[in-house]
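Before any comments, here is the structure.
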Amino acid sequence: MTKRGIFICLEGIDASGKSTQARWLVRNLRSRGFDAIYTTEPSKGEVGSFIRQYVLQRKRRVPAVVEALLFAVDRVDHVESKIEPALESGKIVVSDRYVYSSLAYQGAAGLDINWIKQVNSMALPPDLAIYIDAPPEVVLKRMRRRKSIMETFENQRRVREVYMQMVREERLVLVDGNRPASEVAQNILAMVLKRLKSV
Ligand code: TYD
C-alpha cells in the first residue's frame, strides 16, 4: 500500500507573496525528490470558477453568508476531486489558501467564526497550516494590478487580525513575510521538512 501523503496549506492576506511561496515550496520539494503538487482555492473546478465570476469579479460584495457557503462548497469539491486522491497516492499537497481563508475573510466580514467552522466541518484538517504574515500597508502598496473588492486596506487589516488570532490559538504557524522572499522560502521549507520528518 502506498504511504499516505501530507497536506500543507499556505495562508495570508492578498499580495502577501503566498502564491509565489506556495509554488516555490512545490519546486523545492520536487528538487529534493518529493512528489509534490500545487493547488489553490478558490479551486480550478466549476464551483471555483463560479466564485471568481460571481463573488470576486464584481463591484460590490455579495452577502458574507453567500460567500462563506460558496467557498465551503468549493472546498468539499476540491478535497474530493483533487486533494484526497493526491494524498491517497502518496503526494505532498500544497494548497494556496484553505479553510482559514474563510475564517479570516468571511469572519472579518462579520460572520460568526463558529458558524463558519461548522459549515466547513467536512473539510479535511491539514497536517500543517502556515500563515505568511505581512503588513497590509506594505504589501498593498506594492501591488500593481487592479485591486479586487477584497483588497481595500481596511478589509485586509481586519483579515490579518483574524489570522493573527488563529496564530495565537496555534491553529496556524506564523512565518514572517516581511523579509526577502528567498529567506521566507527557506523558513517555510524548513518547517515543512521538519513536519515530514515527524511522520
Ligand atoms: P487569491 O488567493 O487572491 O486568488 P487569486 O489571486 O489567484 O485570484 O484568492 C482570491 C480571493 O478570495 C482573496 O481575496 C481571498 C478570497 N477568499 C475568501 O474570501 N474566502 C475563502 O474561503 C477563500 C478560499 C478565498
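Does GLY90 qualify as being modelled with pLDDT of 95 or more and at negative phi? Judged against the criteria, GLY90 is not a match. Any residue at all in region 62-71 that's touching a residue at least 12 places away in the same chain (Cβ under 8 Å), touching a helix residue (DSSP H, G or I) at 6+ places or on another chain (Cβ under 7 Å) and open to solvent by less than 10 Å² (accessible area, probe 1.4 Å)? Within region 62-71 (the criterion being touching a residue at least 12 places away in the same chain (Cβ under 8 Å), touching a helix residue (DSSP H, G or I) at 6+ places or on another chain (Cβ under 7 Å) and open to solvent by less than 10 Å² (accessible area, probe 1.4 Å)), the answer is yes, since at least one residue qualifies. Do you know which of the residues in region 95-110 that are within 11 Å of the ligand (Cβ to nearest atom) and assigned to a loop (DSSP other than H, G, I, E, B) is farthest from ALA190 (Cα to Cα)? The selected residue is ALA109.
PRO180 meets each of the listed conditions (1) open to solvent by less than 80 Å² (accessible area, probe 1.4 Å); (2) closer than 26 Å to GLN106 by Cβ apart from (2). ARG52 falls short on exactly one of the conditions (1) within 11 Å of the ligand (Cβ to nearest atom); (2) outside any helix (DSSP H, G or I), and that condition is (2). Scanning region 1-49 for residues that are acidic (Asp, Glu) and within 15 Å of the chain's Cα centre (by Cα) gives GLU11, ASP14, GLU41. Please tell me if ALA123 is in a loop (DSSP other than H, G, I, E, B) and hydrophobic (A, V, I, L, M, F, W, C). Yes; evaluated as a whole, the condition is true for this residue. When each of ASP14, ASP127 is tested for being touching a residue at least 60 places away in the same chain (Cβ under 8 Å), acidic (Asp, Glu) and more than 15 Å from the ligand (Cβ to nearest atom), the lone residue that passes is ASP127.
Please list, ordered by first then second residue, the pairs with beta carbon atoms under 8 Å, 6 or more apart or interchain, first in region 97-109 and buried (at least 23 other Cβ atoms within 10 Å of the Cβ), second in a helix (DSSP H, G or I) and hydroxyl-bearing (Ser, Thr, Tyr). Every condition considered, the pairs that remain are TYR100/TYR163; ALA104/TYR163.
The values are calculated or read from the model by the stated rules, or taken from the named source; none is laboratory data. Bear in mind that the values here come from a model prediction, so they are computed numbers and not experimental data. Don't worry about glycine lacking a Cβ; one is built from the backbone with ideal geometry, like all the others, and counts go over all protein chains shown. What goes into the accessible areas is simple: the full protein's heavy atoms, side chains included, and nothing from ligands, DNA or RNA. Shrake-Rupley method; radii C 1.70, N 1.55, O 1.52, S 1.80 Å.
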